[in-house]
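The values are calculated or read from the model by the stated rules, or taken from the named source; none is laboratory data. Computed from a predicted structure; not experimentally measured. Neighbour counts are summed over all protein chains in view; Cβ atoms, including those assigned to glycine, are modelled from backbone coordinates with ideal geometry. Calculation scope for accessible area: heavy atoms of the full protein, side chains included, ligands and nucleic acids excluded. Shrake-Rupley method; radii C 1.70, N 1.55, O 1.52, S 1.80 Å.
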Amino acid sequence: MRPLFYQNPVAIHPAAHGAAGLSEALDYRFARKTNAIPISLSEIPIAAMSYPIAFTTEGGARPVAVVGLRDDENLFVDADGAWRPGAYVPAYVRRYPFLLAEYGEGEELGVQLCIEDHPEILVQGAGRPLFADGEPSRLVMSAFDFCKSLRAADLATAPFVEALVACGVLEGRAATVQLPTGGDLKMAGFATIDEAKLRALPDEVFLLLRRQGWLSAIHAQMHSALNWARLGDLLVSDAR
């Protein structure tokens, strides 16, 4: 299965992309048709200021920022491809159109920087160059560093989620959002941290979560539930 947003990622190579550049017109329209975006552990406290934070229940649990109440709808990207001012933009979105691909295994495991191959993204003889005199440009090197940092953040997220699952504090949820104009919308298929189960944990387990530095993310996720109402407000205001 391809990663979210990507249709045709290809490895960046001077033979194929020596004269190619990244389009200057790239915006956030690629993210308009999703209602949840993956985030890492380190992003949860800041993302929780803008979005409800939940955990996926299919294909392995991982934290996501919920950006819409309906399928294929992101309430934070407008028709011109701009992200809603003041809202945190997840790193998963900011890395696009680049990403890392892994190859090999064990001690031979390596990573390769890739880019989405699309005529509106990669342009020949124009845009921001990927290579200069056969060498990766500053753009490519910065993208490579950012993608590596995001990969490290994802690796640090896995033990956090595994601990929540092992502790049994993740609970399947369905959010019902009351719309300001009347009626409601229901969204299901996700999990959140159950406060009662968290309080009921044995002291030694709770202290382990604290020693790992995970309590700030846990509390931020629970407090982010206040943002469900914000999504309803945005849905109504955008429909006017």
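Some notes on this structure:
- Exposure of Ser23 as accessible area (Å², to 10), given a probe of 1.4 Å and all protein chains: 20 Å²
- At full extension, Glu24 and Asp154 could sit 43.9 nm farther apart than now, given 0.36 nm per residue minus the alpha carbon distance.
- In the chain, a dipole from Cβ-located charges (positive for Lys and Arg, negative for Asp and Glu) runs towards its positive end, and of Leu130, Phe190, Ser40 it is Phe190 whose Cα lies farthest in that direction.
- Test item: Cα-centred dipole of the chain, Lys/Arg +1 and Asp/Glu -1 on Cβ, debye: 580 debye
- Calculated on alpha-carbon atoms, Rg and Dmax of the range 42-175 in Å: 17.9, 55
- Stokes-Einstein D in µm²/s, Kirkwood radius over Cα pairs - the chain at 4 °C with 1.567 mPa s viscosity: 66 µm²/s
- Theoretical FRET efficiency, 1/(1+(r/R0)^6), r = Cβ-Cβ of Ala132 and Ala101, R0 22 Å, to 0.05: 0.40
- For the chain, adding -39500 (n - 2.57) for each run of n ≥ 4 DSSP H residues and dividing by the number of residues yields -9500 deg cm²/dmol at 222 nm.
- The three principal axes of the Cα atoms in the range 125-216 give end-to-end lengths of 61, 47, 19 Å, sorted in falling order.
- Note on Gln178 and Asn8: their simple-model spin labels are 4.9 nm apart, each label 7 Å out from Cα toward Cβ.
- Under the criterion of Cα pairs below 8 Å and six or more residues apart, the relative contact order for the range 49-187 equals 17 percent.
- Across the options Val111, Ala153, Ala19, the greatest Cα extent toward the positive end of the charge dipole of the range 1-153 (unit charges at beta carbon of Lys, Arg, Asp, Glu) belongs to Ala153.
- Local net charge near Leu209, Cβ-Cβ under 13 Å (Lys/Arg +1, Asp/Glu -1): +1
- Evaluated at q = 0.21, 0.29 Å⁻¹, a Debye calculation over the C-alpha positions of the range 97-155 (equal weights, vacuum) places log10 I(q)/I(0) at -0.92, -1.26.
- For the range 1-131, the per residue solvent-accessible surface stands at 50 Å², with DNA, RNA and ligands left out and a 1.4 Å probe.
- Length-normalised contact order of the range 135-195 in % [C-alpha pairs under 8 Å, at least 6 apart]: 25 percent
- What a 1.4 Å probe finds exposed on the chain is 52% carbon and sulfur by accessible area, rounded to a whole percent.
- Computed over the Cα atoms of the range 86-131, pair by distinct pair, the Kirkwood hydrodynamic radius stands at 13.1 angstrom.
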